[in-house]
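Colleague: After the structure tokens below, expect a handful of questions from me.
A short reminder: the numbers here are calculations on the coordinates, not readings from a lab. Model, not experiment: these values are computed from the prediction. Note that each Cβ is placed from the backbone with ideal geometry, even for glycine, and that neighbours are counted across all protein chains shown.
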Ligand code: R2B
Ligand code: URA
């Protein structure tokens, strides 16, 4: 088991997926409970050893749609393929694979994605995967930008606009680094310019613990502040470089950094929070917005695979 420097980074070639837990060595089999998978019951290297790209997103349905989309983009589409859910033994998360691309749903919020990432990182480690790039494709609320704009996260920040994630361990707060891979973010922005299908910006992403009061909404079941307080907070966020708000980027960035995964966050904005709180766009508009991060990440993956094929 690797127990090197906690912040082991991404190497240029053959970078493994790190775990930092000496206790894992003592386990006969490792049960990935929320995936319904395990080292004793599944041949993880055979199932996942070739994975090079992992895409994660909140909804199981969206991750299945992404799998079908990427299969078509990569020319790996099988008209008869059902794309079975690899985690069919549990209804916590859904997982799909096509070629070197693994798609996993993570639910909503920091606790849900953190549990998923513990098991995903162990899965990739047990499968001996190397040089893995991971991207979160999701939705968010924008600040002062046109709905439908895609934000590639430069830096995730907390609700006080600081670039940190606080994890409570044994009753003590441990502060973790949440820097994402800057070169990956820039490559994604460049891809978006080439794609030229929708507006894409790079900016800070605020990660909150709640959709309502945690994001200064006025339409939750409880609210103890005024419209003016809300506008003041969002304007201060904007001045701190925050372009959008969502609920998973900080722990995602922290855990990917610890495991040496090259990571990016790509979220579409569903509304401009300076203008309102309710997500009330039509189903069609919502659907087309949600496809934008998928298209961008799909384009990036295709380019990478073509470049690799060209150089081998
Ligand atoms: C974006 O959308 C979800 C809330 O509606 C949450 O998972 C997030 O980060
Ligand atoms: N997801 C969020 O977390 N916030 C929004 O405003 C929209 C989607």
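Colleague: Under the Kirkwood approximation applied to all pairs of distinct alpha-carbon atoms, what is the hydrodynamic radius of the range 204-298 in Å?
Modeller: That comes to 15.0 Å for the range 204-298.
Colleague: What length, rounded to one decimal in nm, is gained on full extension from residue 224 through to residue 212, with 0.36 nm per residue of separation minus their alpha-carbon distance?
Modeller: Full extension of this stretch gives 3.1 nm more.
Colleague: Pull out a ≥ b ≥ c, the square roots of the eigenvalues of the alpha-carbon gyration tensor of the range 154-261, then state rounded if a/c is under 1.5, prolate if not and a/b is larger than b/c, and oblate in the remaining case.
Modeller: It is oblate, given that a/c is not under 1.5 and a/b is not larger than b/c.
Colleague: Just to be sure I understand: if I project the alpha-carbon convex hull of the range 63-112 onto a plane and average over all orientations, what area do I get in nm²?
Modeller: 3.9 nm²
Colleague: What percentages make up the Cα-Cα pair-distance distribution of the chain when the bins are 10 Å wide from 0?
Modeller: Pairs per bin, as whole percents: 6, 27, 36, 22, 8, 1, 0.
Colleague: Output the 0 to 90 degree angle, nearest 10, between the alpha-carbon long axis of helix 227-239 and the longest principal axis computed from the alpha carbons of the chain.
Modeller: The two axes meet at around 50 degrees.
Colleague: Still on this structure: How big is the gap, in Å, between the Cα center of the range 204-261 and the Cα center of the range 49-78?
Modeller: The range 204-261 and the range 49-78 have Cα centres spaced 28 Å from each other.
Colleague: Please determine, in degrees from 0 to 90 and to the nearest 10, the orientation of helix 249-259 with respect to the longest principal axis defined by the Cα atoms of the chain, where the helix direction is its Cα long axis.
Modeller: The angle comes out near 30 degrees.
Colleague: Put one equal scatterer on each alpha carbon of the range 112-155, apply the Debye formula with no solvent term, and list log10 I(q)/I(0) at q = 0.29 1/Å to two decimals.
Modeller: The calculated log intensity ratios at q = 0.29 Å⁻¹ are -1.11.
Colleague: Quick one: angle between helix 110-126 and the longest Cα principal axis of the chain, in degrees between 0 and 90, rounded to 10, please.
Modeller: Long axis of 110-126 versus the principal axis of the chain: about 20 degrees.
Colleague: What is the distance, in nm, between label points placed 7 Å from the Cα along the Cα-to-Cβ direction at residue 27 and at residue 118?
Modeller: According to this spin-label approximation, the distance is 0.9 nm.
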